[in-house]
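Colleague: The structure under discussion is supplied below as structure tokens; questions concerning it will follow.
The values are calculated or read from the model by the stated rules, or taken from the named source; none is laboratory data. Model, not experiment: these values are computed from the prediction. Cβ sites come from the backbone with ideal geometry, for glycine too, and all protein chains shown count toward neighbours.
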Amino acid sequence: MSSIRFGCAVARLSCIGVLTACAAGCAAEGRTSATGPQAVHGDDLRLERVVMLMRHGVRPPTRAKVAPEALHDKSWPKWSVDFGELTAHGYDAVRLLGQWDRANWVARGLLPATGCPAEADVEVAASNKSRTQATARALVEGMAPGCALHVEFPATPDDDVEFHPLDAGAMPIDADEAMRAVAALAPAGGMQAEIATHAERFALLNKALGCEGSRKSAACDVSALPAGLVRNEGDRPDVGDPFGLASTISQTFLLEYLEGMPMRDVAWGRLTRGQIEELLEFHSLKFYYEGRAPYVAARAASPLAARMLEAMEQGPRLTVLVGHDTNIADLGGLLDLHWQVPSYPRDDPPPGGALGFEVLADASGKRFVRAFYRSQTMDQVRELQPLSAANAPAYQYLPIPGCDNGCPLPEFEALLRSRLVRPLKSAGR
């Protein structure tokens, strides 16, 4: 496990834009579920720990070829950094989010109002990918500028058994059983029926790609690609075409928008922000098939989920794990959690967003768990809007199915442990 240290220990930090009450900013976009801790115990709860899994910030496509050239009539716009790297705009957006996180956790007594948090009180870790490490650095800079905080990350891809457990060969998975589990999610009629359900979205996607009018033909129609789930030995199935490609293209349009590119360069000027949101349904659909089947989710999410549970039980006051949208989707699938950030489809993990857990204690010391989703909206990222109680990111509390009566920590532990799968190899932490 490698680590990098940011800042110096001598700078002082004053609270910026402290929220006077969590409800003013934290729950503006979502309310505690009827069976959540506050519904059972009121507001007399003390925040003890926060553990959250965060997606990296804005990046370009991860490869030069976003889609086969026959599908689009124009070249993709240029980016300021190499494929898959965090952009400067993405860094700044995450830093703003870190400032809001700081204010939120200070207002709720998790972090000190002045100075740096004790090194033992904050743990930040990232995957082996450089974009997640840069995202962690941006968050730390916003949340604790000038403070000496480590960011841990695996030294090699083979060591990345928590964020990429299937790629690292760290989890047992039967390809045939995984295929059956994912195929069971499809409607009657299989993936062809799924294509028919999304016919209007495919038409909108084709329009953005220039596949209309005199150019319209099966050669450029994304929905005409051969359909079917793809079995992968030693791994989960892929949703396959046309949905995998539609997800990649729609995510690329989103990233162009979030980066602040002129609208003439976002989807070549052929889509509005609302239409980009509509096409992002392909992205959440990909994660529905690839991460919501219980058999698959348990094998993809167990290593990170186990680490998060350990942090909830006996970790520092704040634990932040910076990974990928796939990690968040898998964790959501494991616990059947659902969220919706304004300007995004249901269960879509936006760049910089986080799925997390609050551990709260009542006056007797009994502890409870509350799940949340925290994320900026599209325009908050695109415009690099300063965040405050008056312009807060979405902070939505999520029901935890199977954990009632305020979700006591022991019940949450039992629920999660019942779904974990033992890894073939573990992280050397």
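Colleague: Do you know which residues across region 215-227 are of a type in the set (S, T, N, Q) and surrounded by 13 or more Cβ atoms within 10 Å (Cβ to Cβ)?
Modeller: So the first thing to find is which residues in region 215-227 are of a type in the set (S, T, N, Q), and the list is 217, 223.
Of everything in region 215-227, just one residue is of a type in the set (S, T, N, Q) and surrounded by 13 or more Cβ atoms within 10 Å (Cβ to Cβ), namely S223.
Colleague: Return the total of residues in region 124-133 being out of contact with any strand residue (DSSP E or B) (no Cβ under 8 Å at 6 or more places or on another chain) and either surrounded by fewer than 20 Cβ atoms within 10 Å (Cβ to Cβ) or within 17 Å of V51 (Cα to Cα) (or both).
Modeller: The initial filter retains those residues of region 124-133 that are out of contact with any strand residue (DSSP E or B) (no Cβ under 8 Å at 6 or more places or on another chain), namely 129-131.
After this cut, where a residue has to be either surrounded by fewer than 20 Cβ atoms within 10 Å (Cβ to Cβ) or within 17 Å of V51 (Cα to Cα) (or both) as well, the list is 130.
The qualifying residues number 1.
Colleague: On to the next question. Give the residues of region 344-360 that are more than 15 Å from the chain's Cα centre (by Cα) and either surrounded by fewer than 16 Cβ atoms within 10 Å (Cβ to Cβ) or of a type outside the set (D, E) (or both), sorted by residue number.
Modeller: Restricting attention to region 344-360, the residues satisfying the condition of being more than 15 Å from the chain's Cα centre (by Cα) are 358-360.
Answer for region 344-360, where residues must be more than 15 Å from the chain's Cα centre (by Cα) and either surrounded by fewer than 16 Cβ atoms within 10 Å (Cβ to Cβ) or of a type outside the set (D, E) (or both): V359, L360.
Colleague: Can you tell me which residue is farthest from R59 (Cα to Cα) among those in region 247-263 that are of a type outside the set (S, T, Y) and in a helix (DSSP H, G or I)?
Modeller: In the first step, residues of region 247-263 are kept if they are of a type outside the set (S, T, Y); the result is 249, 251, 253-256, 258-263.
Keeping just the survivors that are in a helix (DSSP H, G or I) gives 249, 251, 253-256, 258.
Details: I249: 14, Q251: 10, F253: 12, L254: 10, L255: 7, E256: 9, L258: 9 Å.
Among them, the one singled out is I249.
Colleague: Follow-up question, since we're still on this one. Determine the pairs where a residue that is under 11 Å from Q376 (Cβ atoms), located within region 344-358, has a partner that is of a type in the set (K, R) and in a loop (DSSP other than H, G, I, E, B) with Cβ atoms under 8 Å apart, the partner being 6 or more residues away or on another chain.
Modeller: P351/R59
Colleague: Restricting to region 74-123, and then to whatever is aliphatic (A, V, I, L, M), within 22 Å of the chain's Cα centre (by Cα) and part of a helix (DSSP H, G or I), can you tell me which residue is surrounded by the most Cβ atoms within 10 Å (Cβ to Cβ)? Reasoning before the result, please.
Modeller: Of the residues in region 74-123, the ones aliphatic (A, V, I, L, M) are 81, 86, 88, 93-94, 96-97, 103, 106-107, 110-111, 113, 118, 120, 122.
When the remaining residues are screened for being within 22 Å of the chain's Cα centre (by Cα), the result is 81, 86, 88, 93-94, 96-97, 103, 122.
Imposing the further condition that a residue be part of a helix (DSSP H, G or I) reduces the set to 88, 93-94, 96-97, 103.
Values: A88: 13, A93: 30, V94: 32, L96: 21, L97: 27, A103: 23.
Result: V94.
Colleague: Continuing with this model, one more query. Given the criteria more than 23 Å from the chain's Cα centre (by Cα) and in the same structural domain as Q99 (by TED's automatic domain parsing), does A363 qualify? Explain how you work it out, then say what you get.
Modeller: Values: more than 23 Å from the chain's Cα centre (by Cα): yes; in the same structural domain as Q99 (by TED's automatic domain parsing): yes.
Against the criterion (more than 23 Å from the chain's Cα centre (by Cα) and in the same structural domain as Q99 (by TED's automatic domain parsing)), A363 qualifies.
Colleague: Within region 56-73, can you find the residues that are in a loop (DSSP other than H, G, I, E, B) and hydrophobic (A, V, I, L, M, F, W, C)?
Modeller: So in region 56-73, the residues in a loop (DSSP other than H, G, I, E, B) come out as 56-68, 72-73.
Once the filter is applied, which keeps residues that are in a loop (DSSP other than H, G, I, E, B) and hydrophobic (A, V, I, L, M, F, W, C), region 56-73 yields V58, A64, V66, A67.
Colleague: Has region 191-200 got any residue that is polar (S, T, N, Q) and outside the structural domain of A329 (by TED's automatic domain parsing)?
Modeller: Let us first name the residues in region 191-200 that are polar (S, T, N, Q), namely 192, 197.
After this cut, where a residue has to be outside the structural domain of A329 (by TED's automatic domain parsing) as well, the list is 192, 197.
Yes, region 191-200 has at least one match.
Colleague: May I ask you to list the residues in region 143-159 that are surrounded by fewer than 23 Cβ atoms within 10 Å (Cβ to Cβ) and either assigned to a helix (DSSP H, G or I) or not hydrophobic (A, V, I, L, M, F, W, C) (or both)?
Modeller: Listed by number, the residues that qualify are P145, G146, H150, E152, T156, P157, D158, D159.
Colleague: Further, regarding this structure: In this structure, is A70 touching a Cys at 6+ places or on another chain (Cβ under 8 Å) and either among the hydrophobic types (A, V, I, L, M, F, W, C) or outside the structural domain of L387 (by TED's automatic domain parsing) (or both)? Write out each step before concluding.
Modeller: On the way: touching a Cys at 6+ places or on another chain (Cβ under 8 Å): yes; either among the hydrophobic types (A, V, I, L, M, F, W, C) or outside the structural domain of L387 (by TED's automatic domain parsing) (or both): yes.
Yes, satisfied.
Colleague: Is region 337-348 home to any residue that is at pLDDT 95 or above, assigned to a loop (DSSP other than H, G, I, E, B) and of a type in the set (A, V, I, L, M)?
Modeller: Just the residues of region 337-348 that are at pLDDT 95 or above, to begin with: 337-348.
The next check asks that each one be assigned to a loop (DSSP other than H, G, I, E, B); those that pass are 337-348.
Keeping just the survivors that are of a type in the set (A, V, I, L, M) gives 337, 341.
The answer is yes; a qualifying residue exists.
Table: residues versus (1) at pLDDT below 95; (2) within 27 Å of A293 (Cβ to Cβ); (3) surrounded by 13 or more Cβ atoms within 10 Å (Cβ to Cβ).
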residue	(1), (2), (3)
A175	no, yes, yes
E200	no, yes, no
L205	no, yes, yes
G213	yes, no, no
D235	no, yes, yes
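Residues checked against (1) of a type in the set (V, I, T); (2) in the same structural domain as E162 (by TED's automatic domain parsing); (3) touching an Asp or Glu at 6+ places or on another chain (Cβ under 6 Å); (4) more than 21 Å from G406 (Cα to Cα):
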| site | (1), (2), (3), (4) |
| --- | --- |
| N327 | no, yes, no, yes |
| V341 | yes, yes, no, yes |
| P345 | no, yes, yes, yes |
| P350 | no, yes, no, yes |
| R367 | no, yes, no, no |
| R370 | no, yes, yes, no |
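Colleague: So is A246 surrounded by 21 or more Cβ atoms within 10 Å (Cβ to Cβ), over 21 Å from the mean Cα position of the chain (by Cα) and not assigned by TED's automatic domain parsing to the domain that holds D160 or not? First the steps, then the outcome.
Modeller: Numbers: surrounded by 21 or more Cβ atoms within 10 Å (Cβ to Cβ): yes; over 21 Å from the mean Cα position of the chain (by Cα): no; not assigned by TED's automatic domain parsing to the domain that holds D160: yes.
Criteria not met by A246.
Colleague: Scan region 264-291 for residues that are touching a residue at least 60 places away in the same chain (Cβ under 8 Å), charged (D, E, K, R) and either in a helix (DSSP H, G or I) or not assigned by TED's automatic domain parsing to the domain that holds E194 (or both) and jot them down.
Modeller: The answer is R273, E277, E278, E281, E290.
Colleague: Same structure, new question: Scan (1) of a type outside the set (S, T, N, Q); (2) farther than 24 Å from E69 by Cα; (3) without any contact (Cβ under 8 Å) to a residue 24 or more places away in the chain; (4) outside any loop (DSSP other than H, G, I, E, B) for the single condition P187 breaks and write down its number.
Modeller: (4)
Colleague: Looking only at region 105-133, count how many residues are touching a helix residue (DSSP H, G or I) at 6+ places or on another chain (Cβ under 6 Å) and of a type outside the set (A, V, I, L, M).
Modeller: At the first step, the residues of region 105-133 found to be touching a helix residue (DSSP H, G or I) at 6+ places or on another chain (Cβ under 6 Å) are 108, 111, 113, 124, 126, 128.
Next, from what is left, pick out any that are of a type outside the set (A, V, I, L, M): 108, 128.
Adding up the residues that qualify gives 2.
Colleague: Can you tell me which residue among R137, R131 is in a helix (DSSP H, G or I), at negative phi, touching a residue at least 60 places away in the same chain (Cβ under 8 Å) and touching a His at 6+ places or on another chain (Cβ under 8 Å)?
Modeller: Details: R137 fails: touching a His at 6+ places or on another chain (Cβ under 8 Å).
Within the list R137, R131, the selection yields R131.
For (1) closer than 20 Å to R346 by Cβ; (2) in contact with a helix residue (DSSP H, G or I) (Cβ under 6 Å, 6 or more places away or on another chain), each residue gets a yes or a no:
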| position | (1), (2) |
| --- | --- |
| T248 | yes, no |
| Q251 | yes, yes |
| M261 | no, no |
| E277 | yes, no |
| F282 | yes, yes |
| E313 | no, no |
| P316 | no, yes |
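Colleague: Does region 315-335 hold any residues that are in contact (Cβ under 8 Å) with a residue 60 or more places away in the chain and hydroxyl-bearing (S, T, Y), and which are they? Steps first, answer last, please.
Modeller: Filtering region 315-335 down to residues in contact (Cβ under 8 Å) with a residue 60 or more places away in the chain leaves 315-325, 327-328, 331, 334-335.
Residue satisfying the conditions is T319 alone.
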